[in-house]
Amino acid sequence: MDRTDRALLKALQADSSRSIAQLAEEVHLSASACHRRIRALEEQGLIAGYVARLDARRIGLPVEVFVEIALTSQSSEAMDRFERSVRDFDDILECHLMSGGADYQLRVAAADLDHYETIHRDCLSRLPGVSSMKTSFSLRRVKRFAGYSVP
C-alpha cells in the first residue's frame with residue numbers, strides 16, 4: 001500500500017459517495033487509474049464495504065446505551081451460543097468480546113427510556129447464559145467515529 005492508496009482510503013472514509021472523477025482529482029490520478037486502485041483495495045479486503053452513516057437523532061433513536069454483559073460460563077459453547085443469539089437482534093448495533101470485568105459490551109440505540117425498557121425485556125433478557133448486565137447511558141457524544149487513521 002503506497003501513499004496514493006492511503007490517500008484514497010482516507011478520502012473514501014470521509015465521503016464514499018463522491019464520484020470516481022472527484023476522488024481521482026483529489027488523489028491526483030486519472031479516473032480509470034483511481035477506479036482500478038479502488039477495486040484492488042476492495043479485492044485485498046482493505047475496503048470491507050460501503051454504508052450510509054445515518055443521524056440517529058433524526059431517525060428517532062437519540063438514546064445511546066452501552067450494556068456490559070457477564071456470562072455464567074466462559075466456555076466456548078456458551079460464548080458461541082451468546083454470540084449467535086446477539087446476531088438475531090437488530091436492536092443490538094454492536095457487540096464486542098471484552099477483556100476485564102465484563103465478557104461483552106453491547107451498543108444499543110433507543111427512542112427513549114420506554115423503548116429501551118422494551119429492548120431490555122424483549123431482546124437483552126432473552127440472551128442465553130447472561131449472569132449480569134450493567135447499563136450505561138451516553139449523555140452526549142463528544143467525538144463520532146469518522147474512520148480509521150490510515151498509517
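The values are calculated or read from the model by the stated rules, or taken from the named source; none is laboratory data. Predicted model only: the values in this text are computed from it and were never measured. Backbone-built Cβ (ideal geometry, glycine too); neighbour counts: all protein chains shown.
Among the numbered conditions (1) touching a Ser or Thr at 6+ places or on another chain (Cβ under 8 Å); (2) surrounded by 13 or more Cβ atoms within 10 Å (Cβ to Cβ), tell me where residue 126 comes up short.
Failing condition for residue 126: (2).
Matching residues to (1) under 24 Å from residue 146 (Cβ atoms); (2) buried (at least 17 other Cβ atoms within 10 Å of the Cβ); (3) at pLDDT 95 or above; (4) in contact with a Lys or Arg (Cβ under 9 Å, 6 or more places away or on another chain):
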residue	(1), (2), (3), (4)
31	no, no, yes, no
36	no, no, yes, no
68	no, yes, yes, yes
78	no, no, yes, no
83	no, no, yes, no
101	no, no, no, yes
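Name every residue in segment 103-120 that is of a type in the set (D, E, K, R) and either surrounded by 13 or more Cβ atoms within 10 Å (Cβ to Cβ) or without any contact (Cβ under 8 Å) to a residue 40 or more places away in the chain (or both), in order of residue number.
Scanning segment 103-120 gives 103, 107, 114, 117.
Those residues that are under 20 Å from residue 131 (Cβ atoms) and free of Cβ contacts under 8 Å to residues at least 24 places away in the same chain, I need them from segment 89-102; list them, please.
Correct list: 95, 96, 97, 99, 100.
Identify all residues within segment 1-21 that are of a type outside the set (A, V, I, L, M), loosely packed, with under 14 Cβ neighbours inside 10 Å and over 22 Å from the mean Cα position of the chain (by Cα); write none if there are none.
2, 3, 19
Applying the selection to segment 52-86, what residues are among the basic types (Lys, Arg) and touching a Gly at 6+ places or on another chain (Cβ under 9 Å)?
Passing the criteria: only 81.
Spot the failing condition for residue 55; the list is (1) over 30 Å from residue 112 (Cα atoms); (2) not assigned by TED's automatic domain parsing to the domain that holds residue 94, and only one is missed.
(1)
Output yes when any residue across segment 56-73 is free of Cβ contacts under 8 Å to residues at least 40 places away in the same chain and of a type in the set (S, T, N, Q), and no when none is.
There is no residue in segment 56-73 that is free of Cβ contacts under 8 Å to residues at least 40 places away in the same chain and of a type in the set (S, T, N, Q).
For segment 52-151, which strands (runs of 3 or more DSSP E) that fit wholly inside it have 1 or more residues that are closer than 30 Å to residue 6 by Cβ?
92-97, 104-110
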